[in-house]
Amino acid sequence: LRPTHRLLSCSGTVAADVKREEQSSRNVETGSEDRTPKKKFSEVQKERREQAQRTVLIHCPNKISEKKFLKYLSQHGPINSHFFYESFGLYAVVEFSQKESVTSLQNVTRTPSMETEAAIPFKSRFFNLKMKNPSSQTSEQSCIQSSNHSPPSNKKLSELLCYAESMDDQLNTLLKEFQLTEEDIKLRYLTCSLIEDLAAAYFQNCTVRPFGSSVNSFGKLGCDLDMFLDLDEIGKLNTNKTSGNFLMEFQVKNVPSERIATQKILSVIGECLDHFGPGCVGVQKILNARCPLVRFSHQASGFQCDLTTNNRIALKSSELLYIYGTLDSRVRALVFSIRCWARAHSLTSSIPGSWITNFSLTMMVIFFLQRRSPPILPTLDYLKSLADAEDKCIIEGHNCTFIRDLNRIKPSGNTETLESLLKEFFEYFGNFAFNKNSINIRQGREQNKPESSPLHIQNPFETSLNISKNVNQSQLQKFVDLARESAWILSQEDKDRPSPSSNQPWGLATLLQPSVLSSVSLAKKKRKKPASERIKNLLESIKSSSPENDTHTNGK
Ligand code: GTP
Ligand code: MG
């Protein structure tokens, strides 16, 4: 169970950042993208990481005067920004202007003395604030402004979607409600930074970087926090600086393989988190997985964390997805809605299994957008052709090179609406020849499947691998059936859309109701012909009678 965050108050650069984000979105009237320069993935990571290193996490008493609290902390230096949130107690995230302020605060902090238990005296940046004289302060407490920081309930989402003005508005509303907030992002980077402090006790100057949906622009409130313990950077910077005829190397222990080294490192970090990590609970070492990891819960932030190492390619995948998600504002709106649709119909699950993952779904949306005419997203090979010498990146023999500066990628001339893209997505995959074709975002076109897995999505960097190898035939069929049924529902809806004030689910809201699609499935069972085939035929007839669709055949 994840605690929901209730954000209570904030200050500093948050408003400015939100404004920047709004500015960089699509202009609703002209349909064109705003041309605000977009930051490189590495720039965002560097900035956020540096910010997190100046930040502390404080568990506060419930009744606290915000003014006095800030005044007390300011003794250690100026504060850049702060916010409060609730997660089984009241927490404050405080970003100082200078890193020295954190050391100054640590220097006046004591290790608690226990009566019946013993404390492990680990000095982190996660503190517990106590009142010296609680009774004298409660009367003066200021009212900490409360605002909700958790994803909307199904009911609220349904209401918001019903009142939306158009389907495009619905998809954008869903994105706005579910995307990570500025505070949530800060808390994710801070959590990585706190774990990095622990890992650094063993591996000096190591880096713990977030990857996956926390940073790839497709993160939904409440998603897990994937972390990567980066040991490669250590020493790299300094080796070129030495002069003379000698080269100095560390004496190290050798193990038979990279995998065993990874397992040993994660094992010791897992122990460390379990024994010394403040707020780290439920530590599980999953070292025999294809990609060994340590899973744990960071109680104060409420994040479920997966820590891996030796996983550079995954970080590069996150960078690629960040580029795709940031290039055109329709991409994220479509991905969020399709992920939500898949979750609502149990096509995806938080438990690993033979179902489609969010990562695979995102790849399918990217591929679909590469197939539009004109394409909305460029192929990975095209992004590689734009790369310069500095972008060159080879990881474990795999070429992971692509242009990293988003501002040098030409925007798409495609002006399709989100409504039409959603419909076309369902039609496209409702009719896709999964039995013989593979999805390949590197080339942006279907390829013959190299192996017999029901769903084949080529790993963009390790090209001999299939990222959806886990998906079985029945899960794929469920996806295809639901896609066809959804396309059918959307084509019917056009004819009798309720007025926005009628408070009746329509458009995206209808698609997110499991009962609606299952009633279509029920009807299917009653007819002689399978509904999937019936709907396919129906779609064919709709398509052939609609002249504007003639250009969108997408190689079907
Ligand atoms: P959420 O469901 O929101 O957590 O999405 P996510 O993208 O973070 O997915 P997940 O936590 O499952 O995985 C984290 C990252 O690991 C992904 O973003 C990918 O970069 C990588 N990854 C996940 N699954 C696979 C896979 O099957 N193959 C490869 N090559 N990488 C994967
Ligand atoms: Mg994840």
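With the stretch 258-349 as the region, which helices (runs of 4 or more DSSP H) entirely inside it contain at least 3 residues that are within 30 Å of E424 (Cα to Cα) and modelled with pLDDT of 95 or more?
Ranges flagged: 312-327, 329-344.
Within the stretch 452-468, identify whether any single residue is exposed (fewer than 14 other Cβ atoms within 10 Å of the Cβ) and away from ligand 1 (no atom under 15 Å from the Cβ), and answer yes or no.
yes
Look through the stretch 468-525, keep the residues that are assigned to a loop (DSSP other than H, G, I, E, B) and in contact with a Gly (Cβ under 8 Å, 6 or more places away or on another chain), and return whichever of them is modelled with the highest pLDDT.
In this case the residue turns out to be N470.
Just give me the residues in the stretch 207-223 being near ligand 1 (Cβ under 10 Å from one of its atoms), farther than 18 Å from L175 by Cβ and out of contact with any Cys (no Cβ under 7 Å at 6 or more places or on another chain), in sequence order.
F211, G212 - these are the residues of the stretch 207-223 that are near ligand 1 (Cβ under 10 Å from one of its atoms), farther than 18 Å from L175 by Cβ and out of contact with any Cys (no Cβ under 7 Å at 6 or more places or on another chain).
Considering only the stretch 427-449, I want to know if a residue exists there that is more than 24 Å from the chain's Cα centre (by Cα) and of a type in the set (A, V, I, L, M).
Yes, the stretch 427-449 has at least one match.
For I351, indicate whether it is away from ligand 1 (no atom under 11 Å from the Cβ), under 20 Å from the mean Cα position of the chain (by Cα), surrounded by fewer than 22 Cβ atoms within 10 Å (Cβ to Cβ) and at negative phi.
Details: away from ligand 1 (no atom under 11 Å from the Cβ): yes; under 20 Å from the mean Cα position of the chain (by Cα): yes; surrounded by fewer than 22 Cβ atoms within 10 Å (Cβ to Cβ): yes; at negative phi: yes.
Here the answer is yes, as I351 does meet what is asked.
What's the number of the condition G77 fails, among (1) buried (at least 17 other Cβ atoms within 10 Å of the Cβ); (2) on the phi > 0 side of the Ramachandran plot; (3) at pLDDT below 95?
Condition not satisfied by G77: (3).
Report, by residue number, each residue of the stretch 70-101 that is of a type in the set (G, A, S) and farther than 21 Å from R49 by Cα.
Those that are of a type in the set (G, A, S) and farther than 21 Å from R49 by Cα: S74, S87, G89.
Check K123, K63, K71, K132 and return the single one that is at pLDDT 90 or above, of a type in the set (K, R) and surrounded by fewer than 19 Cβ atoms within 10 Å (Cβ to Cβ).
Working: K123 fails: at pLDDT 90 or above; K63 fails: at pLDDT 90 or above; K132 fails: at pLDDT 90 or above.
Of K123, K63, K71, K132, the one residue that is at pLDDT 90 or above, of a type in the set (K, R) and surrounded by fewer than 19 Cβ atoms within 10 Å (Cβ to Cβ) is K71.
Being free of Cβ contacts under 8 Å to residues at least 24 places away in the same chain and either of a type in the set (A, V, I, L, M) or within 16 Å of ligand 2 (Cβ to nearest atom) (or both) narrows it down to one residue among V268, V252; which is it?
Sole residue among the options that is free of Cβ contacts under 8 Å to residues at least 24 places away in the same chain and either of a type in the set (A, V, I, L, M) or within 16 Å of ligand 2 (Cβ to nearest atom) (or both): V252.
The values are calculated or read from the model by the stated rules, or taken from the named source; none is laboratory data. This is a predicted model, so every value here is computed, not measured. All Cβ positions, even for glycine, are placed from backbone atoms using ideal geometry, and neighbour counts span all protein chains on display.
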